[in-house]
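Below you'll find the structure, written out as structure tokens, and then a few comments.
Each value in this text was obtained by applying a stated rule to the coordinates, not by laboratory testing. These numbers come from a predicted model, not from an experiment. Because the Cβ atoms are built from the backbone with ideal geometry, glycine has one as well, and the counts that use them run over all protein chains shown.
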Amino acid sequence: MSTDASSTRVRSRFWVLAATSIPLAVLAAVALRAGGAASFSAEPVPFRISGDVSGLVPGVPADVPLTLANPNAQPIRVTRVRAEIAPDSDPPGCLSASHVALEQPTGITSDAPAAVPAHGTVVLRTYPSAPRITLLATASNDDACKSTSFALAYTGSAHS
Amino acid sequence: MKRFSKRTWVLGGVAAVVAASAIGAFAYWTVSGSGSGSASTGTGNVAVTVNQTSSSSGLYPGGSVGLSGNFTNPASFNQYVTSVSASIQSFSYQADNTKPACTNGDFSISGSPAAVGQDVAPGTGGSWTGITLSMTNAATNQDNCKGVTVPVAYTSN
């Protein structure tokens, strides 16, 4: 075997090794920058939204503080949250359609998302980042609305 | 036709992977959220004060005077008043002890409870009427009732 042929084979192996190891190294670097190899490949799970308000009285708006909990290993940006009064939760004699005004948290948008850290929580305390609810002051007797409650259901969307 | 060298292929492959990684770095995943909560109402038990604004002076035996007034709602929210009730408080007044004492028995209330049916805003407002205070025309001397102020208590619901 000639020296030239041996040298050519060595160079060839070098380039093959380079062709396989460099891309792997680049991929590893990208994964680490994203927060760790394990979390990078993990399937995201839904974030949780919760929030209660009490002491509603007729004609007085009340903010509903919302807690956004992110169970993922990645930070998320919540871009939309919506609240609604859960169907069939109206107390007898106090229909939500005629006795409650619910304003959506329109302050949370794609342009103004709420950042939630990995495995962390964020509380949105005031409208318009949080929903606002008002027990309407009607001209009729609303005693059926005293000391009762409506169930609230939340939905939202986010991205990493 | 010119063939690409190994070096060219390798550099091209590396460039392709780096480009793909860069694209991946700009991509993101989306995730939904959901949850629940509750909105509870208060007891609303802030007492509304019933005010009498009409004058009840000038009563005489067998006479009567209509009572009317408004409300003071100390709460920060509207409160609905269904009706107003009035009652005469127990009292006895005997300035001249040679004559019978003037008591609550010399007076009577009618028209109570009076229907209101108003949503009263915070502060003083609304109105009520329909209750009458009368002085009985007794067979006994009622001089001790002259100049007496009859205590009337009001409640609302």
* **Total formal charge among the other residues, if their Cβ is under 14 angstrom from that of A:V64, Lys/Arg +1 and Asp/Glu -1** => -1
* Mind jotting down the distance between the C-alpha centroids of segment A:105-144 and segment B:36-99, whole Å? => 40 Å
* Other chains' Cβ within 10 Å of A:69-77 residues: what's the mean? -> 2
* To do: Compute the distance in nm between two label points, each set 7 Å from the Cα along the Cα-to-Cβ direction, one at B:K146 and one at B:S68.
  => 3.1 nm
* Label points 7 Å out from Cα along the Cβ direction at B:A153 and A:S140: separation in nm? -> 3.4 nm
* **Paramagnetic reach from A:R125 (point 7 Å along Cα→Cβ, amide N under 16 Å) across segment A:55-84** => A:62-68
* Could you list which residues have their amide H under 5 Å from that of A:F47, counting only those 5 or more apart in sequence or on another chain, with H placed in the peptide plane? => B:S32, B:G33, B:S34
* So for segment B:85-157, what percent of the C-alpha to C-alpha distances run longer than 15 Å? -> 61 percent
* FRET efficiency, 1/(1 + (r/R0)^6) with R0 25 Å, evaluated for B:S54 and B:A115 via beta carbons -> 0.90
* **Nonlocal amide H pairs with B:L67, under 5 Å, H built at 1.01 Å** => B:G130, B:I131, B:T132, B:L133
* **Highest average packing first - B:48-58, A:122-132, Cβ atoms within 10 Å** => A:122-132, B:48-58
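Over all directions, how big on average is the projection of the convex hull of the alpha-carbon atoms in segment A:44-159, in square nanometres?
Numbers: hull surface 29.0 nm².
Average projection, Cα convex hull of segment A:44-159: 7.2 nm².
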* **Extreme residue, positive dipole direction of segment A:30-160, given options A:I108, A:A86, A:S160 (C-beta unit charges)** => A:S160
* To do: Please list the radius of gyration and Dmax for segment B:29-122, considering alpha-carbon atoms only, with Å as the unit.
  => 23.9, 99
* Asked: In debye, nearest 20: dipole of segment A:44-159 around its Cα centre with unit charges on the Cβ of K, R (+) and D, E (-)?
  -> 420 debye
* What percent does the relative contact order of segment B:49-156 come to when contacts are Cα pairs within less than 8 Å and at least six residues apart? -> 39 percent
* Under 11 Å, Cβ to Cβ, from A:T109 - net charge with Lys/Arg +1 and Asp/Glu -1 -> +1
